[in-house]
Amino acid sequence: MKENWQQQLQSLLNCDLKTLYPLARSLNRKLEFYVGPTNSGKTYNAMQKLKEANSGLYLAPLRLLALEGYEDLKASNLQASLITGEEQMLNEDAAHVCSTIEMLDFDLDVDVAVIDEVQMLDDIDRGWAWVNAIIGCPAKKIIMTGSVNALDAVKRIAAYLDEDLEIVKHQRKNELKVLPKWTSLDKLEDGTALIAFSRADVLRLKHRLQKNYTVSVIYGNLSPEVRRDEAQRFREKKSQILIATDAIAMGLNLPIKTILFTTDTKFDGVSKRKITVNEITQIAGRAGRYGHFEAGFLGATRRDVLEHIKVEFEAPIKTIKPPFKVKINANQLEALAAHIKTNSLTKVLKFFADNMYFSGPFIAANISSMIEAAKIVDTKINLKLEEKYLLAQAPITAKSNIIIQAYDAYIASVIKKRVCHYKPSITLPKKAITQRDLLLVEDEVKKISLYLWLSYKFPDLFPDHDKAYILRNSFNSFIEKSLKGNLIQEEMPRKTFTKRREADHKNEKSIKKNYNSRRRKTI
């Protein structure tokens, strides 16, 4: 009996990924990789092929890009649907779908699928989605777009699949030059983008520069809608300078003439380190957009930063090495849980990561965001394992108390099968005075995104989709107006920090106390 149990377990722990996607295997697929640097036209050419197809799919790394793809198809008089974790615009007559890559439907076959930014398969938390898409996307032709560092990885996966791969090389359309000298913040040309690597540094630079320049800002904590509005202001020359994190490295086509790095270090979630040639190249490629400038320029605002940029920029691109990360699927989860006799999602995920073996260049991965969520859902009784698995994939940000508290309350509604109406945690002030004021509203937008995600998974329990959507627009408008204004920099002496924290705490209590009386005005 024990031997039989061990054999069954070993069978579960040995996986050939090809077999998980029978529809894709039946289509005799052809793979194409449009490889090249930023500003080489590879994504444009891929989208042209998608438009020529009778049916197609665009898989984007970001909700913002999925929306842009959707609008591009519609502008070309093609019927299209949009599917992301937070919104669905379905058109029954549409033969084309634009979606975020995690929302790929493995049971919907099409003629052409575009998998954008395929180098993302190396991402620690999300890389599995690109691996799954390359292996399992049910399209007769798969067109991948990405940078040269993904070329070897794509070749390895194609060889594993035993599918034909055509490589279509793209060259940058204009030159990218490194400036010989560092550039002072007091002597910036219109069309310049400054790169920092934290929200605080972006807002600090905005505070300094807005006295002499009109400024747009882009950073990761902003919602896609606000990022798009800020980009639009810069695109329309309503702002002279763009200040951004590496959030601009993917997908945003902006009329940037010069990119200047304000620092050569970033915190990568584990430690503070120097930026690499791959990161510099991806960001710098946004300079000198073809059709706007004859060349793009790359530099820095400090001499020491420029020296590091010069050295790294000349170094060879670091290729993505196998193994490539694979996430547990629902069937594997249930089977492993039954064999090791546990209802703990955290234990099953750890067991999967420690013991799973894949044929081909793959490795089982534990996704940090999913592990954090699993620790939360495992504290809840009366949750089935499949419910835990679903909830652990929700878009939560563990650093935000607003979102974690909301997540906890939403899980309680799922457990009790109790309808949960959307209630804001804050009421909008007249304007954002400090960075903290702005951060609270940014976190509220993320809380709304969490509610919208749940409204698609549990529509009967989370019915306020339309209300939440309207409120998100209201909060986004507030953020956009705040960013256009003169936001006060929040840097205070250590002696006043504790007093300010106490004042903030009282302010939060006052906000919540006054919520009911001001709710109608807010809505």
Does segment 79-90 include one or more residues that are buried (at least 20 other Cβ atoms within 10 Å of the Cβ) and under 21 Å from Val168 (Cβ atoms)?
no
So which pairs qualify, if the first residue must be in segment 411-425 and closer than 19 Å to Pro395 by Cα and of a type outside the set (Val, Ile, Thr), the second must be open to solvent by 70 Å² or more (accessible area, probe 1.4 Å) and modelled with pLDDT of 95 or more, the Cβ gap must be under 8 Å, and the two must be at least 6 apart or on different chains?
Ala412/Arg418; Ser413/Val419
Name the residues in segment 384-399 that are without any contact (Cβ under 8 Å) to a residue 40 or more places away in the chain, farther than 17 Å from Ile124 by Cα and of a type outside the set (D, E, K, R), would you?
Leu391
Here the residues within segment 189-209 that are crowded, with 19+ Cβ neighbours inside 10 Å and in a loop (DSSP other than H, G, I, E, B) are Gly191, Ala196, Phe197
Verdict on Asp152 being free of Cβ contacts under 8 Å to residues at least 40 places away in the same chain, over 16 Å from Ala46 (Cβ atoms) and either surrounded by fewer than 16 Cβ atoms within 10 Å (Cβ to Cβ) or out of contact with any helix residue (DSSP H, G or I) (no Cβ under 9 Å at 6 or more places or on another chain) (or both)
no
Among the residues of segment 307-317, is there at least one that is surrounded by 14 or more Cβ atoms within 10 Å (Cβ to Cβ), within 23 Å of the chain's Cα centre (by Cα), of a type in the set (D, E, K, R) and assigned to a helix (DSSP H, G or I)?
no
Matching residues in segment 167-188 (open to solvent by less than 80 Å² (accessible area, probe 1.4 Å) and either among the hydrophobic types (A, V, I, L, M, F, W, C) or closer than 23 Å to Gly127 by Cα (or both)) number 7
Going through segment 325-375 in order, the residues found to be part of a helix (DSSP H, G or I) and among the aromatic types (Phe, Trp, Tyr) are Phe351, Phe352
Long-range neighbours under 8 Å by Cβ, at least six apart or interchain, first residue free of Cβ contacts under 8 Å to residues at least 12 places away in the same chain within segment 118-146, second open to solvent by less than 10 Å² (accessible area, probe 1.4 Å):
Asp123/Trp130
Here the residues within segment 286-300 that are assigned to a loop (DSSP other than H, G, I, E, B) and either of a type in the set (Lys, Arg) or buried (at least 20 other Cβ atoms within 10 Å of the Cβ) (or both) are Arg286, Gly288, Arg289
Thr397: passes all of (1) at pLDDT 95 or above; (2) over 12 Å from Ile328 (Cα atoms) but (1)
Please verify whether segment 189-210 includes one or more residues that are of a type in the set (Ser, Thr, Tyr), closer than 30 Å to Leu483 by Cα and at pLDDT below 95.
yes
Only one of Pro323, Pro361 is closer than 20 Å to Leu121 by Cα, surrounded by fewer than 15 Cβ atoms within 10 Å (Cβ to Cβ) and modelled with pLDDT of 95 or more. Can you tell me which?
Pro323
Consider Thr281 against the criteria (1) farther than 26 Å from Arg63 by Cα; (2) in contact with an Asp or Glu (Cβ under 9 Å, 6 or more places away or on another chain); (3) open to solvent by 40 Å² or more (accessible area, probe 1.4 Å): it satisfies all of them except one. Which criterion is unmet?
(1)
Go through segment 11-58 residue by residue and tally those that are more than 28 Å from Leu176 (Cβ to Cβ) and not acidic (Asp, Glu).
26
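The values are calculated or read from the model by the stated rules, or taken from the named source; none is laboratory data. Here the structure is a predicted model, which is why all the values come from computation and not from measurement. When we count neighbours, we look across all protein chains shown, and the Cβ atoms used for this are built from the backbone with ideal geometry, even at glycine. Accessible surface is based on the protein model in full, side chains and every heavy atom, while ligands, DNA and RNA are left aside. Shrake-Rupley method; radii C 1.70, N 1.55, O 1.52, S 1.80 Å.
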